[in-house]
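The values are calculated or read from the model by the stated rules, or taken from the named source; none is laboratory data. Here the structure is a predicted model, which is why all the values come from computation and not from measurement. Every residue, glycine among them, receives a Cβ derived from its backbone with ideal geometry; neighbour counts consider all protein chains shown. Protein only, heavy atoms only, side chains kept; ligands, DNA and RNA dropped before computing areas. Shrake-Rupley method; radii C 1.70, N 1.55, O 1.52, S 1.80 Å.
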Amino acid sequence: MTPRRSAACAGVVLAAVVLLTGCGTERAGRTPRAAAPSSPAAIPCAELSVRPGERPSQPADAGDGNPKYAENHAFQVPTRLTGRAVCVAAEAEQKVRKALSPYARDRGVTDGQVRTALSKLGYRADQMTVTGAAGYVRYLVDLSPVCVEGSVGGTVDVETHGVYAEGTGCVKPQGGH
């Protein structure tokens with residue numbers, strides 16, 4: 001590349017950068033906007049600092065390879081938690097994990113033990129669904145708009161999310177097309 005061509009390319013690149021960044025394009029009477037934060041601001045919860053995040057979406061190539069998989073299963077994606085619900089979810093996750101941790105390695109854990117542990121946290125029977133056989137128990141606690149679900153059996157799994165938009169509350173909707 002010749003020095004002239006190199007200088008011309010550098011000039012074009014510099015001009016493109018200036019145009020794309022909008023340098024020197026403030027208009028009278030308008031206040032420049034601040035750049036959007038790169039990650040959501042932390043929400044102060046009692047003794048927690050929680051960064052709200054969105055639940056990861058289903059990969060585009062999931063299922064049977066159908067390119068419309070994500071679109072066809074969008075009804076099974078829970079609503080996003082916002083505001084105070086983020087704090088409720090974080091607090092519930094910590095409480096449930098702590099209450100169920102004694103059963104983490106208990107291969108004989110029963111649904112009755114999990115139900116009792118959740119009841120001691122103050123969750124009512126009509127808020128809980130606990131199912132399973134000795135050794136592996138699944139649970140769901142409906143604190144609408146927050147859902148706490150997971151399993152106990154070898155480990156303690158706890159996940160929190162919002163209710164489902166289809167109107168099924170914390171129960172994942174079935175069906176689709």
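Could you list all residues from segment 72-93 that are among the polar types (S, T, N, Q) and loosely packed, with under 15 Cβ neighbours inside 10 Å?
Of everything in segment 72-93, those that are among the polar types (S, T, N, Q) and loosely packed, with under 15 Cβ neighbours inside 10 Å turn out to be ASN72, THR79, THR82.
With the condition kept exactly as written, say whether any residue in segment 168-175 is surrounded by 16 or more Cβ atoms within 10 Å (Cβ to Cβ), at pLDDT 95 or above and farther than 20 Å from CYS45 by Cα.
Within segment 168-175 (the criterion being surrounded by 16 or more Cβ atoms within 10 Å (Cβ to Cβ), at pLDDT 95 or above and farther than 20 Å from CYS45 by Cα), the answer is no, since none of the residues qualifies.
Considering segment 104-139 alone, what residues qualify as being surrounded by fewer than 18 Cβ atoms within 10 Å (Cβ to Cβ), assigned to a loop (DSSP other than H, G, I, E, B) and at pLDDT 95 or above?
Residues satisfying the conditions are LEU121, GLY122, ARG124.
Evaluate the following for ALA99: is it open to solvent by less than 90 Å² (accessible area, probe 1.4 Å), at pLDDT 55 or above and more than 26 Å from ALA165 (Cα to Cα)?
yes
Please tell me if VAL96 is closer than 30 Å to PRO67 by Cα and of a type in the set (A, V, I, L, M, F, W, C).
Taking the combined requirement at face value, the residue does not satisfy it.
So, GLY154, is that one at positive phi, open to solvent by 50 Å² or more (accessible area, probe 1.4 Å) and not in a strand (DSSP E or B) or not?
Taking the combined requirement at face value, the residue does not satisfy it.
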